[in-house]
Structure formats: structure tokens, C-alpha cells
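This structure is in C-alpha cells; I'll ask about it shortly.
Derivation of every value follows stated rules applied to the coordinates shown; laboratory data play no part. From a predicted model like this one, the values you see are computed outputs, not experimental measurements. Note: ideal-geometry Cβ built from the backbone for every residue, glycine included; neighbour counts use all protein chains shown.
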């Protein structure tokens with residue numbers, strides 16, 4: 001729990017609030033936290049759930065405590081009949097999200113009466129899962145959603161597991177467990193001890209990815225980047241832009257200034273297919289050393305009324321507890337398919353757009369959005385407005401200098417850098433190739449020469465046999481590039497844009 005959430009709960013108790021909703025995945029831990037906070041106020045604390053009935057935090061028994069929820073609410077209302085000078089009571093009603101979802105008119109009416117007739121004699125805390133849509137009759141009560149443990153709470157769990165854990169290992173494990181509930185943390189640590197006889201960071205990260213994927217119902221995927229921006233050939237302008245913002249994503253946004261700089265929000269990448277948009281996103285997460293979370297756009301939309309919007313809120317909720325992280329939305333144009341015909345879709349796309357715009361515009365500290373698209377002109381104009389993304393970059397087909405850098409990276413990756421050099425012939429023949437097509441040519445060469453080492457001649461033959469997309473769909477790609485050149489930033493420095501000035505290398509912009 002963050003300090004802000006703890007202070008807000010304490011303030012609600014202090015203000016004699018009659019009824020509020022507390023949403024949490026960390027249920028058992030949150031109950032103990034509420035009991036701890038209520039200890040600062042004079043009054044009796046009671047807990048209740050349908051299985052146990054009424055219970056006391058101090059272990060004391062309650063006469064006739066095995067009652068149903070309606071009778072429990074009746075007993076709370078009976079408190080109003082007593083004198084205002086009597087001791088105040090605090091009720092923690094567990095797992096009430098299940099009952100609220102049933103929308104029983106009698107139960108909801110009694111909750112409304114509890115809120116309206118409290119007379120400062122009690123405070124009732126409804127406990128359930130976060131972000132539960134409350135029925136209209138009680139929609140005006142205060143709500144707090146505490147979906148994840150704070151760093152201090154995770155460290156306490158780690159210390160309970162291994163008191164001799166080195167500080168460096170504790171910091172890494174705390175980062176790996178971020179976004180999980182107390183029970184999930186304990187289960188993962190126990191599994192690690194069973195399988196590896198120690199707290200294994202790699203195992204915990206792998207299991208955490210599976211847990212979050214399941215919690216978000218397959219709407220997100222936690223990726224593990226295995227590269228960084230040093231492995232990206234070319235794109236000098238984009239890489240420089242991203243490197244400048246890297247240190248601010250971790251919250252170091254003061255930079256010696258009187259006022260802190262805004263945290264970077266995100267970047268929109270467009271360009272022909274195969275030019276490295278997805279690779280850049282993965283490499284960026286590796287360079288920044290943060291989570292890479294991919295949104296499964298195809299699973300977002302549902303035929304059930306209201307399910308699409310709930311899916312988006314569920315995904316966003318899980319993503320926010322993983323900050324700092326990069327949210328990767330691939331093929332962004334498919335996020336808004338088929339236009340915005342409210343008559344045919346019941347307004348679903350318009351509502352999804354509104355929810356996503358709210359997310360982009362919100363203070364999403366530490367969540368950097370990287371959206372990639374091959375069809376930027378198909379996006380809604382609201383998405384393109386300044387403030388949604390920090391910049392829009394065109395990742396075009398690599399120029400001659402970049403193709404040399406790409407070949408250098410590919411030759412080293414596939415272990416053929418000792419046998420083949422990057423020559424003018426290779427650069428000339430790949431003039432219309434994307435980075436993905438250049439890699440495919442290298443792979444074709446390795447298949448053709450599985451025994452002996454490949455040569456430049458083998459690679460030239462493979463290149464000649466490939467027809468690049470820039471030729472197959474030349475009209476579409478040319479039209480897209482022409483549209484983008486006057487409306488977006490170029491990710492690459494212009495070709496032949498370096499020269500020597502008094503012994504120093506300077507880049508010259510030709511735009």
C-alpha cells in the first residue's frame with residue numbers, strides 16, 4: 001500500500017465516514033492493515049464474512065455471530081438506536097463484491113440506509129476486488145483501489161523468507177515481485193525454494209509473467225527483452241531521442257531544475273513493414289532495464305455487452321502496477337478496426353477510444369507507451385493530438401549507411417562476420433530492402449551452405465532471389481512514405497550527413 005492510500009483510509013476513519021469501498025487483491029494483508037490503522041482510533045473493530053460470520057481481530061468471540069449478510073446489515077443499522085456518546089464501531093465486511101454484483105435490492109437498500117443514517121456511530125468498510133463498478137444506489141460512496149504491494153511490504157515478505165538475504169539480491173527480487181499480491185509473493189518464493197533451494201530470480205520472473213498473464217485473462221503478455229539499443233542498426237535520431245529520456249522514466253526528473261520535468265509518456269512509430277519498429281521497442285526495454293508489457297489487441301474485443309470496456313480496464317489496471325514499464329501496442333491501427341459506426345457496434349469503439357484517450361492523457365507515472373503501426377493515416381485524429389504521445393517517428397527503409405550497420409549486426413549475430421565483409425555490391429543490391437528482408441537473405445544463405453561457411457557470392461545469390469515488399473507493393477508503400485515524410489519525424493539521420501569540422505565530426509540536418 002502506498003503512503004497516499006494509507007493516509008486516505010486513515011482520513012476516512014477520522015472523518016467518521018459511514019460507508020466506503022476498499023478494493024484490493026491483497027485481501028488478507030489489507031484486513032490486517034485496516035485493523036492496524038483503526039488502532040489509532042477509539043472504538044470496537046468487528047470483521048464479517050459469509051463463511052465465518054462475525055469475528056474479532058483480538059480473537060474474541062461474538063454471541064450469535066453466525067448470521068447471514070442481511071442480518072449483519074440489520075445489526076449495523078441497530079447501532080443507530082444507541083446513544084451518540086457510546087463507543088464508535090468499525091465493521092470490515094469481507095468479500096462483499098460477490099454480494100454487490102448480485103444486485104439484491106434488499107441488500108443494496110440496506111447499504112444505502114447504512115450510508116445515510118450512520119450518525120457518526122460507525123464506519124463500514126466494504127471489501128472486495130479493485131475497480132468494481134458499484135450499483136447506482138451506492139455509486140457516490142468513497143472508493144479506494146489498492147491493487148499492489150509497496151516496495152517496503154515486499155521487502156518485509158522477503159526478510160521473513162530469508163533474513164540473511166544480501167541487499168543487492170533483495171532489491172532485485174523486490175523489483176521482480178512488484179505488482180503481485182502478498183499471497184502471490186509468498187507462493188512464488190515458496191515455489192522457488194522448493195525447485196531451486198534458494199530464491200531464484202529467473203524462476204520468479206518466469207512464474208510472475210505466467211501469473212500476470214492469467215490475472216489479466218490473457219490480455220497482456222510480459223515479455224523478456226534479450227537485446228538493447230546498441231544492437232539496433234541506424235535510426236540515430238530516434239535512438240538519441242530515446243536515450244535522453246531513459247533516465248527520466250525511473251523518476252529522476254529533476255535534473256538540477258527548480259521544477260521537475262514531466263515523465264515521458266510515449267512514442268508512436270510508423271513505417272513500412274519489416275523496418276524494425278517492433279525490434280526497437282524490445283531493444284528499448286532492454287536498454288532501460290524495465291518490464292516490456294505487450295497488449296493483446298486481438299483478445300480485447302468481445303461480443304458481450306460491456307465486456308470490451310471491462311477488458312481494457314483490466315489490462316490497464318495490471319499494467320499500471322508494473323510501472324516503470326513499457327506498454328507495447330503492436331499494429332495500433334487494428335486497435336480501432338472498421339471505423340466508428342456507432343449504429344453498427346453500439347458505440348463500443350467510441351467508448352474504447354474514450355477510455356484509451358483517458359489513459360494516454362492521465363498521469364501514468366512510469367508507463368511509457370510504444371505504439372507501432374503500418375497505417376498511421378487510419379488512426380483517429382484524437383490519438384494524433386499533441387500530448388497523447390511525445391513524438392511520432394517514421395522508421396523508413398534503411399539508407400546505405402544503415403544497411404551497412406544492419407549487415408554488421410546480422411553477421412555478428414549469426415557468426416559469419418569472419419567470413420563475409422560488407423561490400424558495395426551487397427549495399428547496392430539491397431537498396432530497396434527492409435531490415436527483416438536483409439535478415440531473411442542471411443538466413444537463406446545459411447540454409448544453402450549448412451556445411452561450408454557462406455561467402456559473399458552465396459549471399460548475393462540469396463539477395464537476388466528475394467523480391468522486397470517495396471517492389472511487390474510499391475504503390476502503397478510509396479504513398480505511405482510520402483504521407484509520413486511531411487507529417488512525422490525521421491528516425492534516421494539523412495544519408496551522407498556527417499562531415500569534419502576542425503577535426504570533429506558534426507551531423508548536418510538536411511530537413
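Spin-label point model (7 Å from Cα, Cβ direction): what's the residue 482 to residue 161 distance in nm?
5.9
A further question on this structure: With everything on Cα atoms, drop me the angle between helix 69-78 and the longest principal axis of the chain, reported from 0 to 90° to the nearest 10.
So the helix axis and the longest Cα principal axis differ by about 60 degrees.
Continuing with this model, one more query. So what is the relative contact order for the chain, in percent, with contacts set as C-alpha pairs under 8 Å and at least six apart?
Reported as a whole number, the value is 13 percent.
Next question. Of the beta bridges DSSP finds with both residues in the stretch 3-146, what % are antiparallel, to the nearest 5?
15
How big, in percent, is the set of alpha carbon pairs in the stretch 150-289 lying more than 18 Å apart?
Result: 66 percent of Cα pairs exceed 18 Å.
Largest first and to the nearest Å, give the Cα extent of the chain along each principal axis.
If we take the Cα atoms of the chain, the spans are 94, 61, 50 Å.
Let me ask something additional. Take every Cα pair under 8 Å in the stretch 400-471 that's 6+ residues apart, average their separations, divide by the length, and report that relative contact order as a whole percent. List each step's numbers first, then the result.
Working: 54 pairs, mean separation 26.0, N = 72.
Computed over the stretch 400-471, the figure is 36 percent.
I would also like to ask the following. In the chain, what percentage of the DSSP-assigned beta bridges are antiparallel, given to the nearest 5? Write out the running numbers ahead of the final one.
Numbers: 11 of 51 bridges.
In the chain, DSSP labels about 20 percent of beta bridges as antiparallel.
Over what distance in Å are the Cα centres of the stretch 465-490 and the stretch 13-51 separated?
Taking the Cα centre of each part, the stretch 465-490 and the stretch 13-51 sit 60 Å apart.
Using alpha carbons only, how many degrees (0 to 90, rounded to 10) separate the axis of helix 201-215 from the longest principal axis of the chain?
Rounded to the nearest ten degrees, it is 70.
Using 0.36 nm times the number of residues separating residue 140 and residue 187, minus their current alpha carbon distance, what extension gain do you get?
Numbers: separation 47, 0.36 × 47 = 16.92 nm, distance 3.66 nm.
Length difference between fully extended and current span is 13.3 nm.
Give the average over all directions of the projected area of the C-alpha convex hull of the stretch 151-215, one decimal, in nm².
With the hull built on Cα positions only, its mean projection is 3.9 nm².
Tell me, what is the FRET efficiency for residue 230 and residue 74 to the nearest 0.05, using R0 = 51 angstrom and their Cβ-Cβ distance as r?
The value I calculate is 0.15.
For the chain, find the longest principal axis of its Cα atoms and tell me its angle to the long axis of helix 105-116, 0 to 90°, nearest 10.
80
Moving on to the next point. Hey, what did the stretch 229-394 get for relative contact order, percent, Cα under 8 Å, at least 6 apart?
Once divided by the residue count of the stretch 229-394, the mean separation gives 34 percent.
With each run of n ≥ 4 DSSP H residues scored as -39500 (n - 2.57), what mean residue ellipticity at 222 nm is computed for the chain after dividing by its residue count and rounding to the nearest 500 deg cm²/dmol?
Taken over the chain, the calculation gives -13000 deg cm²/dmol.
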